[in-house]
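Asker: Quick one: structure below, then a few questions.
The values are calculated or read from the model by the stated rules, or taken from the named source; none is laboratory data. A quick note: this is a predicted structure, and the numbers were derived from the prediction, not measured. Virtual Cβ from ideal backbone geometry, glycine too; neighbours counted across all protein chains shown. Ligands, DNA and RNA are excluded from the accessible area calculation, which covers all protein heavy atoms including side chains. Shrake-Rupley method; radii C 1.70, N 1.55, O 1.52, S 1.80 Å.
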Amino acid sequence: MSDTKFAQEGMSFRQSVEHMVDHAIEIMELDDGLGEALKTCQSVIQVSFPIEINGRAEIFTGWRATHSAHRLPSKGGIRYAPIVDQDEVEALAALMTYKCAIVDVPFGGSKGGLVIDPAKYERHQIEAITRRFARELIGKGYLSPAKNVPAPDMGTGAREMGWMVDTYRQLFPDDINYLGSVTGKPVEHGGIRGRTEATGRGVQYALREFFRHGDEVKRTGLEGSLAGQRIIVQGLGNVGYHAAHFLQTEDDCRIVAIIERDGAIINPDGLDVESVHRHIREHGGVRDYPEASFQANGDEALELECDILIPAALEGVITSENADRIKAPLIAEAANGPITFKADAKLRERGVEIIPDAYCNAGGVIVSYFEWIRNLNHVRFGRIDKRFHEAQGQHIITAIEMATNTTVPEWLREKIARGANEFDLIRSGLDDSMRLALQDIIEKRREHERIDDYRMAAYVIAIEKIARSYLDIGY
Ligand code: NAD
């Protein structure tokens, strides 16, 4: 998307990611050949196909890159955007490889992109384009439950995933595991509750875990708990909206600015995320939102005073040009690649702490993993053991009451004698994965004298795991 911003830095998005990984490889003193093998995108296809739009053929071009297949399937979203190219797709595929390793999801890394402005097309046109794109990917071995499983990303959602899985099913009606060919599907078509909000929820869980570590919070100069922290969010789309919504309603954070395509709205007392979201849906942007001041140059709002900055829109928004003006002491990278390589160095020099994308936005792929397992198992989580656990809880209550000759209060009785449903289990699994991964990252940073930021710690963890796998089974 932000090709020009990367170009101004003298390197592409892919090169920006590679430079960060180079540093980790150097710290680990990995063999040069192995380092190169780790960074190399293993395969990529470009497809171009015509679709009839309003009586005239229009050509659409897209890519799917598999950065790694050391674990199968390779996993990663498909984005629909007016500007997307092979370099960007390869950069995002590489991030997927590292992301999966960091949060212990046994997938390789992949990513896809289609050049399209979805806002310019009607629903039936997007359906025709999506089904054809899916057919192209399937035909070339880039979409199947065993080898390569797409998910939503920028500009796509459950609707597009539903069309893709249906296309796969029509082509392979005998594949009993067809539902596992795509994740992020509508719940009625093999999707899982909690996937839509998973990435934003994961950002919330990452911040919650961060604030459980007093020594880490101290590095930022911030104090106290997550409650009351002043947050700026860029991009109120799927990831940004859910992160902001949960942080506001469940953690009492104050969302002081929201940046969208048409500008930024600011209110130091806090914006109501739900009502801003509604305003965007109704008016197409944040302009004229009543309870805030408006700034037409949205990018400048990244530089406002706040405690936590959450870029959740697109890559390359913090560059060497604006890095020195960023005031947030803590940045949670909800988007992929929002900070360029050069900006990253500048921010670190100034002591800004960054929770890196490859960890911070991994909630989506974690829940995609759960969805894929559920599709292959052909049974929803909790279906078999929910009532059993409820009966166990009931026995415990009876034992307590008999032993103490008292009655367990109703509210506690409900909690003890309640079996977890699928939604509870998904949230618990996501929370656990995000907590454990950040604990590992913090630990790695503390134990390794040459690591002084979370991104490097996360990459070293990822590369250790992937390198081990390459060395064990060959390249
Ligand atoms: P989305 O299309 O739902 O939302 C993007 C939002 O950013 C939109 O509201 C859009 O209007 C806004 N935006 C676009 N350009 C902007 C600009 N220049 N300034 C301010 N706002 C702008 O996309 P999404 O799925 O929420 O993805 C956002 C980021 O998160 C991307 O980097 C994506 O790769 C990453 N991500 C998404 C997922 C997921 O599950 N959807 C998972 C991991 C990472």
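Asker: Can you report the principal axis dimensions of the range 266-389 using only the alpha carbons, biggest first, rounded to whole angstrom?
Answerer: 55, 38, 25
Asker: Would you mind working out the accessible area per residue for the range 183-246, using a 1.4 Å probe, and quoting it in Å²? Don't jump to the answer; show the numbers that get you there.
Answerer: Numbers: 2220 Å² over 64 residues.
Ligands and nucleic acids excluded, the result is 35 Å² per residue.
Asker: Based on alpha-carbon centroids, what's the gap between the range 17-71 and the range 375-410 in Å, whole number please?
Answerer: The range 17-71 and the range 375-410 have Cα centres spaced 48 Å from each other.
Asker: Hey, another quick one. I need the fraction of alpha carbon pairs in the chain separated by more than 28 Å, rounded to a whole percent. Numbers along the way, then the final one.
Answerer: On the way: 59656 of 112575 pairs.
That tail contains 53 percent of the Cα-Cα pairs.
Asker: Could you check the simple spin-label distance between residue 416 and residue 40, using points 7 Å along Cα→Cβ, in nm with one decimal?
Answerer: A separation of 6.1 nm, rounded to one decimal place.
Asker: I need the fraction of alpha carbon pairs in the range 40-91 separated by more than 15 Å, rounded to a whole percent. If you can, show how the numbers build up before the last one.
Answerer: Working: 721 of 1326 pairs.
Summing the P(r) tail past 15 Å for the range 40-91 gives 54 percent.
Asker: Mind checking the dipole of the range 45-189: about its Cα centre, +1 per Lys or Arg Cβ, -1 per Asp or Glu Cβ, Debye to the nearest 20?
Answerer: I would put it at about 200 debye.
Asker: Further, regarding this structure: For the range 286-433, give the percent of accessible area contributed by carbon and sulfur heavy atoms, probe 1.4 Å, rounded to a whole number.
Answerer: 51 percent
Asker: If packing is taken as the mean number of other Cβ atoms within 10 Å per residue, what is the order of 279-287, 333-341, 402-410, highest first? Walk me through the intermediate numbers first.
Answerer: Numbers: 279-287: 15.3, 333-341: 27.2, 402-410: 9.4.
Highest to lowest by the protection proxy: 333-341, 279-287, 402-410.
Asker: Under a Cβ-only charge scheme (Lys and Arg +1, Asp and Glu -1), can you give me the dipole magnitude of the chain about the Cα centre, in debye to the nearest 20? Please report the intermediate quantities before stating the final value.
Answerer: Numbers: 56 positive and 73 negative charges, 285 e Å.
About 1360 debye.
Asker: Let me ask something else about it. Would you kindly calculate the mean projected area, averaged across all directions, of the convex hull enclosing the Cα atoms of the range 45-189, in square nanometres? Walk me through the numbers before you get to the answer.
Answerer: Details: hull surface 33.5 nm².
Here the figure is 8.4 nm², rounded to one decimal.
Asker: How large are Rg and Dmax for the range 113-256 when only the alpha carbon atoms are used, in Å?
Answerer: When restricted to Cα atoms, the range 113-256 yields Rg and Dmax of 19.3, 58 Å.
Asker: Where in the range 433-460 is the amide nitrogen less than 18 Å from a point lying 7 Å along the Cα-to-Cβ axis of residue 349?
Answerer: 452-453
Asker: In addition: Give or take rounding to whole Å, what are the principal axis extents of the alpha carbon atoms in the range 140-202, in descending order?
Answerer: 35, 24, 18
Asker: Follow-up question, since we're still on this one. How much length is gained on full extension from residue 299 to residue 327, taking 0.36 nm per residue of separation minus their Cα-Cα distance? Walk me through the numbers on the way to the answer.
Answerer: On the way: separation 28, 0.36 × 28 = 10.08 nm, distance 1.32 nm.
Length gained, residue 299 through residue 327: 8.8 nm.
Asker: Express in whole angstrom the spacing between the alpha-carbon centres of the range 196-249 and the range 74-122.
Answerer: 24 Å
Asker: With a 1.4 Å probe and all protein chains in place, put 178, 241 in order of accessible area, largest first. Write out the running numbers ahead of the final one.
Answerer: Working: 178 65, 241 30 Å².
Largest accessible area first, the residues go 178, 241.
Asker: Could you tell me which residue out of 12, 38, 23 lies farthest along the dipole of the range 7-46 toward its positive end? Charges go on the beta carbon: Lys and Arg +1, Asp and Glu -1, centred on the Cα centre.
Answerer: Toward the positive end, the furthest listed residue is 12.
Asker: Which three extents, in angstrom, do the Cα atoms of the range 187-284 have along their principal axes, listed largest first?
Answerer: Result, largest extent first: 43, 36, 19 Å.
Asker: Further question on the same structure: For the range 1-127, report the accessible area per residue in Å² (1.4 Å probe, heavy atoms, rounded to an integer). Numbers along the way, then the final one.
Answerer: Values: 4970 Å² over 127 residues.
For the range 1-127, the per-residue accessible area is 39 Å².
Asker: Multiply the residue gap between residue 269 and residue 288 by 0.36 nm, knock off their C-alpha separation, and tell me the result in nm, one decimal place. Kindly include the intermediate steps, with their values, before the conclusion.
Answerer: Numbers: separation 19, 0.36 × 19 = 6.84 nm, distance 1.78 nm.
Going from the current span to full extension adds 5.1 nm.
Asker: Report the extension gain between residue 213 and residue 383 in nm, rounded to one decimal, defined as 0.36 nm multiplied by the number of residues separating them, less their alpha carbon distance.
Answerer: Working: separation 170, 0.36 × 170 = 61.20 nm, distance 3.59 nm.
Full extension of this stretch gives 57.6 nm more.
Asker: Starting at the first residue of the range 401-417, write each ³J(HN,Hα) from the Karplus equation 6.51 cos²θ - 1.76 cosθ + 1.60 with θ = phi - 60°, in whole Hz, x for Gly and Pro.
Answerer: So the J values, rounded to whole Hz, are 5, 5, 6, 9, 6, 10, 10, 5, x, 4, 5, 6, 4, 4, 5, 6, 9.
Asker: Give me the one-decimal nm value for the distance between modelled label points at residue 423 and residue 447, 7 Å along each residue's Cα-to-Cβ direction.
Answerer: So the two model labels end up 3.9 nm from each other.
Asker: With all distinct Cα pairs included, what does the Kirkwood hydrodynamic radius of the range 301-348 come out to in Å, to one decimal, could you say? Each step should come with its number before you reach the end.
Answerer: Working: mean 1/r = 0.0959 Å⁻¹.
It is 10.4 Å.
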